[in-house]
Amino acid sequence: MAEPAVGWYLYCVLDAAARPPLDGLVGVDGAAPIEPVDETGLRALASRVPLSEFGEEPLRRNLEDLAWVERTARAHDAVLARTLACDAVVPLRMFTIFAGEPQVRAMLADERAALTAALRRLRGHAEWSVKARVDERRLEAVLRGEGGAGAAGAGAAGAGAAGAGAGGAAGAGAAGAGAAGAGAGGAAGAGAAGAGAAGAGAGAGGADAAGAGGAGAETTPGRAFFARKQADRGLRERALERIADIAEEIHARLSEAASAETLLPPQRRELSRLPGTMVLNGAYLVARERDAAFSAAVTELSARHRAEGFAIDVSGPWAPYNFAKPGAEDEQRAPAPGR
């Protein structure tokens, strides 16, 4: 009987001298051992997989099975977790499959220059994942409390001071919206400008009312409704500005402790399975001797912004998936002095 057709599933590339602890570890099929493939000073870690499960058509079907994908991802990551004991690793994407060992060797030979450069760049580093979330209701409650005090001060100062304050808010909105995008900045600026116009109108109305013996001071239900709507819009704009500012602060602070960083799209709640709205999804390449400084920065930022409804989730170290791609060498920032 002919043996079942198999392919060679690749996990990562290491220096040929690397010896990660692989005892007792099996591959993504749950049975085959991890095998090293050496070529031109490089070592690939691979396992044989049945093409009845990992061939082109079966794989397409299996990718629609979330439980199968999650199980395979855990097995893939288990192999890479063992390689973190090595000085450098270039992780490969899931489902990198070759027809046989000769094809694996050919890939190592053909890509030797790029893989060697990547190993040199990633040596002594690992990837950390940081996700920042916010409870928007909590943040708005905090801002509403601050806004009450600000409104009282503006009323006491008079219409002229209110107009100046609104102009300042417009400028701050435009500056804070830089991180969130031009659209948010435009909205913030427009909202603040509108607040200024409303303040000026209120001042004029107050003068008329005083001259007329207070006849214009009555508040109708319609006016009260629109006043509440305007206050809600202003609160929402302030919340968005604050979210953008804090997300930018977190990313900038963590980047100081990292050798390179990249921002990924925030995950939807159903995918992340975390409460709140994700406002930052960052990956950071951190030198191992900087792990403590990076963790301390996360702890500091978490404590500073917890009262406003922010939470920071950190995981790692991971194999540097987001920094192993060709061309990442040009994107890496120069280390700061003393790093």
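The values are calculated or read from the model by the stated rules, or taken from the named source; none is laboratory data. Because the structure is predicted, anything quoted here is derived from the model rather than measured. Every residue, glycine as well, gets a Cβ built from its backbone with ideal geometry; the counts of neighbours run over all protein chains shown.
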**OP:** Name the one entry in Ala239, Ala197, Ala252, Ala244 that is over 18 Å from Ser315 (Cβ atoms) and either among the polar types (S, T, N, Q) or modelled with pLDDT under 75 (or both).
**Re:** Ala197
**OP:** Look through the stretch 55-85, keep the residues that are among the acidic types (Asp, Glu) and under 25 Å from the mean Cα position of the chain (by Cα), and return whichever of them is surrounded by the fewest Cβ atoms within 10 Å (Cβ to Cβ).
**Re:** Glu70
Original post:
Considering Pro91, Pro36, Pro102, Pro58, which residue is assigned to a strand (DSSP E or B) and free of Cβ contacts under 8 Å to residues at least 60 places away in the same chain?
Top reply: Pro36
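Could you tell me which residue of the stretch 98-113 is farthest from Glu39 (Cα to Cα), considering only residues that are of a type outside the set (Lys, Arg) and surrounded by 16 or more Cβ atoms within 10 Å (Cβ to Cβ)?
To start, the set of residues in the stretch 98-113 that are of a type outside the set (Lys, Arg) comprises 98-104, 106-111, 113.
If we keep only those that are surrounded by 16 or more Cβ atoms within 10 Å (Cβ to Cβ) too, we end up with 98, 104, 107-108, 111.
Values: Phe98: 15, Val104: 9, Met107: 9, Leu108: 6, Glu111: 11 Å.
Among those residues, the one meeting the criterion is Phe98.
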Original post:
If you scan the stretch 98-140, which residues turn out to be within 24 Å of Leu263 (Cβ to Cβ) and aromatic (Phe, Trp, Tyr)?
Top reply: Trp128
